[in-house]
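Enquirer: Quick one: the structure is below, and I'll ask about it shortly.
Throughout, read-outs are computed from the coordinates displayed, never taken from laboratory work. Being a predicted model, the structure only gives us computed values, none of them experimental. Ideal geometry is used to build each Cβ from the backbone, glycine not excepted, and the neighbour counts take in all protein chains shown.
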Amino acid sequence: MKVNKAVLKLNAKPHNRFGVASFILAFIAFALSVGSLYIIAFNVNNEQNVLVAGVLEMLGALVTLAGLGLGIIGEEPDDTEKIFAHIGLILHVLGLFYHGVIIYQGFLK
């Protein structure tokens, strides 16, 4: 006896690849920033650690800019889900503000 099961599928659209990439880059930028903050907070013994923390912060800023671009591309009008593009854009705008403040504070000293 064959049973027919009803499948509830709310949306048949696939997710936008650029939006998913933007979302993933947001977490990579966050990890780079946390690594930078960890080095500054716990390992400030010599100038080399400060340099490594600065490089990590700059890499985080560059990843944030790349993710912001991918999030904007992910918003193009096509027949895909854009939720990851929306979330990626929000996270990258917040990250851009954060990196801007950190870099600005670094130039004040």
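Enquirer: Out of residues 5 or more away from E81 or on other chains, whose amide H comes under 5 Å of its own, with H placed 1.01 Å from N in the peptide plane?
Expert: Amide H neighbours of E81: H15, N16.
Enquirer: So, one more: Just want the answer: with Cβ charges of +1 for Lys and Arg and -1 for Asp and Glu, which residue in L68, G100, V44 is farthest toward the dipole's positive end in the chain?
Expert: Working it through, the farthest residue towards the positive pole turns out to be L68.
Enquirer: Same structure again: What ranking of E76, E47 emerges when the number of other C-beta atoms within 10 Å of each C-beta is taken as an exposure proxy, fewest first?
Expert: Values: E76 12, E47 8.
Lowest to highest Cβ neighbour count: E47, E76.
Enquirer: How do Y104, Y38 rank when sorted from fewest to most other Cβ atoms within 10 Å of their own Cβ? Each step should come with its number before you reach the end.
Expert: Values: Y104 9, Y38 12.
If I rank by nearby Cβ atoms, fewest first, I get Y104, Y38.
Enquirer: Label M58 and E81 with points 7 Å out from Cα along Cα→Cβ: what is the distance between them in nm?
Expert: Result for the modelled spin labels: 3.9 nm.
Enquirer: Can I ask one more? Could you give me the percent of Cα pairs per 5 Å distance bin for region 17-108, shortest bin first, beginning at zero and ending with the bin that holds the maximum distance?
Expert: In order of increasing distance, the bins hold 3, 17, 23, 19, 14, 10, 7, 4, 2, 1, 0 percent.
Enquirer: Continuing with this model, one more query. Quick one: among G95, G67, G35, which has the greatest mean-square fluctuation in a GNM of the chain with alpha-carbon springs under 10 angstrom?
Expert: G35
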